[in-house]
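Peer 1: This is the structure, below, for whatever I ask next.
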Amino acid sequence: MQPITTSEQIDHQRRRFFGIAASSIAAAQFIMTGSAAAQSSTGKPAGAAAIKPGTNTSFTALKQIDAGLLNVGYAEAGPADGPAVILLHGWPYDIYSFVDVAPLLASAGYHVIVPYLRGYGTTRFLSGGTFRNGQPSAIAVDAIALMDALKIEKAIVAGFDWGARTADIMAALWPERCKALVSVSGYLIGSQEAGKMPLPPKAELQWWYQFYFATERGRAGYEKYRHDFAKLIWQIASPKWAFDDATFDRSAAALDNPDHVGITIHNYRWRQGLAEGETKYADLEKRLAAAPVIAVPTITLEGDANGAPHPEPASYAKQFTGKYAHRLISGGIGHNLPQEAPQAFAQAVIDVAGY
């Protein structure tokens, strides 16, 4: 399927607008943003209301739960009996990427779970002897374990960066646990063999930090300057996002997790084939290396000013074999799409739930 252009989205929104009675004012404002409006129907959650990014600056008190190898810290919002949504953040970000998305979805009737990934925030390993593994499959297993611990049988999974990769893996390997998928930058499942393939020089330049992390100097540098490093990544990945110090500092605190550096370094070294993984994940990684298709209903998103490495939408559309749409979100939106364009992200979750 070819990507849907912004103009096509707007036309689609206008056709839908008159069918949305309960939230007509919010829907009208939403059309002005260039994001898709929800399709209303009896008994389904309402569409996302209009919101200015940065409106919310905190979650309610965080919760902790033992799940798999971890004691997971997570934010929760919305009715406990609502459709479950799990929102997964990326690197070097944290749950505050969804600080505006979560209340939008909660107000629309969803039960929202926003966990800190391993190596972030208040999430901790239950055992000091557990290998601090950054393999993509291990992070996806964490998410499934969290669903089990919370007794969530099936959820919409949505994320960006590492979170999008994790959501993609969940949808590919455990489709019975995933009602639908929202993935920023599309299909991000890879393998060690794929990671060894050289890219054109311009593309390699975008991955400069991956090569830096391959060295012990890089590990030491990230350990010493992790906040400065993260701020630089934010600036490069979202060149038009004018985030302030308070916004950055809220998220940067999550990087002070004692396992953060080890997991980050292992992730990037593993992806280049420079670090070994754990044998218990070997079968999962073998299945992922075959680039499995994703059959659950999916919406992929891309910001029009994403400065991070990302594939072209046409290159991954065939990997989604269920009902599928791609949306380009305009307005100078960078890599951290849910925080920069929370309304568009929330609306994608609402829309894909109706597929």
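Peer 1: How large is the translational diffusion coefficient of the stretch 146-206 in µm² per second when you combine the Kirkwood radius over alpha carbon pairs with Stokes-Einstein at 37 °C and 0.692 mPa s?
Peer 2: The diffusion coefficient I find is 251 µm²/s.
Peer 1: Along the positive direction of the dipole of the chain (beta-carbon charges: Lys, Arg +1; Asp, Glu -1; about the Cα centre), which of Leu117, Trp174, Phe98 reaches farthest?
Peer 2: Trp174
Peer 1: Compute the relative contact order of the stretch 140-205 as a whole-number percentage, counting only Cα pairs closer than 8 Å that sit 6 or more residues apart in sequence.
Peer 2: Dividing the mean separation by the residue count of the stretch 140-205 yields 29 percent.
Peer 1: With only Lys, Arg, Asp and Glu charged, each at its Cβ (+1 for the first two, -1 for the last two), find how big the charge dipole of the chain is about the Cα centre; round to the nearest 20 debye.
Peer 2: Computed charge dipole of the chain: roughly 360 debye.
Peer 1: Ordered by packing density, taken as the mean number of other Cβ atoms within 10 Å over each peptide's residues, highest first, how do 244-251, 208-215 rank?
Peer 2: Result, highest mean first: 208-215, 244-251.
Peer 1: Still on this structure, I have one more. Sort 236-242, 330-336, 254-260, 112-118 by packing, meaning the average of other beta carbons within 10 Å per residue, with the highest value first.
Peer 2: 112-118, 330-336, 254-260, 236-242
Peer 1: Which order do the peptides 81-93, 278-290, 141-153 take when ranked by the mean count of other beta-carbon atoms within 10 Å per residue, highest first? Intermediate results must be reported in sequence, preceding the final value.
Peer 2: Details: 81-93: 23.6, 278-290: 14.0, 141-153: 17.8.
The densest-packed peptide leads the list: 81-93, 141-153, 278-290.
Peer 1: Below 23 Å, Cα to Cα, which lysines can Lys240 reach? Residues fewer than 8 away in the same chain don't count.
Peer 2: Excluding near neighbours in sequence, the set is Lys52, Lys202, Lys231.
Peer 1: Further, regarding this structure: What ranking of Thr264, Thr60 comes out by heavy-atom accessible area, probe 1.4 Å, highest first?
Peer 2: Details: Thr264 0, Thr60 100 Å².
Correct descending sequence by accessible area is Thr60, Thr264.
Peer 1: How high is the relative contact order of the chain, in percent, counting Cα pairs under 8 Å that sit 6 or more residues apart?
Peer 2: Contact order relative to length: 24 percent.
Peer 1: Quick check: convex hull over the Cα atoms of the stretch 250-355, volume per residue in Å³, rounded to an integer? All intermediate terms of the calculation are to be shown ahead of the outcome.
Peer 2: Details: hull volume 16.7 nm³, N = 106.
Cα-based convex hull of the stretch 250-355, divided per residue, equals 157 Å³.
Peer 1: Over the stretch 167-317, with a single point scatterer placed on each C-alpha, what log10 of the ratio I(q)/I(0) does the Debye formula yield at q = 0.10, 0.12, 0.16 1/Å?
Peer 2: Treating every Cα as an identical point scatterer, log10 I(q)/I(0) equals -0.43, -0.64, -1.17.
Peer 1: Tell me the per residue accessible area of the chain using a 1.4 Å probe; a whole number in Å² is fine.
Peer 2: Value returned for the chain: 41 Å² of accessible area per residue.
Peer 1: Please state, as a whole number in µm²/s, the translational diffusion coefficient that the Stokes-Einstein equation yields for the chain at 37 °C and 0.692 mPa s, with Rh defined as the Kirkwood radius across alpha carbon pairs.
Peer 2: Answer from the Stokes-Einstein relation: 162 µm²/s.
Peer 1: Rounded to the nearest 500, what is the chain's calculated 222 nm mean residue ellipticity when only DSSP H runs of at least 4 contribute -39500 (n - 2.57) each, over all residues?
Peer 2: -11500 deg cm²/dmol
Peer 1: When the accessible area of the stretch 110-161 is computed with all protein chains present and a 1.4 Å probe, what percentage of it is carbon and sulfur? Don't skip to the end; give the middle numbers.
Peer 2: Details: 820 of 1500 Å².
After summing per-atom areas, the C and S share lands at 54 percent.
Peer 1: Tell me which residues come under 5 Å, amide H to amide H, from Leu301 once H is placed; ignore anything under 5 positions away on its chain.
Peer 2: Ser183, Val184, Ser185, Gly186, Arg327
Peer 1: Something else: Considering only protein heavy atoms and a 1.4 Å probe, what is the carbon-and-sulfur percentage of the accessible area of the stretch 297-345?
Peer 2: Answer for the stretch 297-345: carbon and sulfur cover 56 percent of the accessible area.
Peer 1: Right, next: Let me see the pair-distance distribution of the stretch 302-355: every alpha carbon pair, 5 Å bin width, integer percents in order.
Peer 2: Over the stretch 302-355, the share of Cα pairs per 5 Å bin runs 4, 18, 25, 25, 21, 7, 0 percent.
Peer 1: Once you treat every alpha carbon in the stretch 81-187 as an equal point and sum by Debye, what is log10 I(q)/I(0) at q = 0.20, 0.25 Å⁻¹?
Peer 2: With no solvent term, the Cα-only Debye profile gives -1.06, -1.59.
The values are calculated or read from the model by the stated rules, or taken from the named source; none is laboratory data. Note that this is a predicted model, so its numbers are computed, not measured. Here the Cβ is made from the backbone with ideal geometry for all residues, glycine too, and neighbour counts use every protein chain on show. Surface areas here come from the heavy atoms of the whole protein model, side chains and all, with no ligands, DNA or RNA. Shrake-Rupley method; radii C 1.70, N 1.55, O 1.52, S 1.80 Å.
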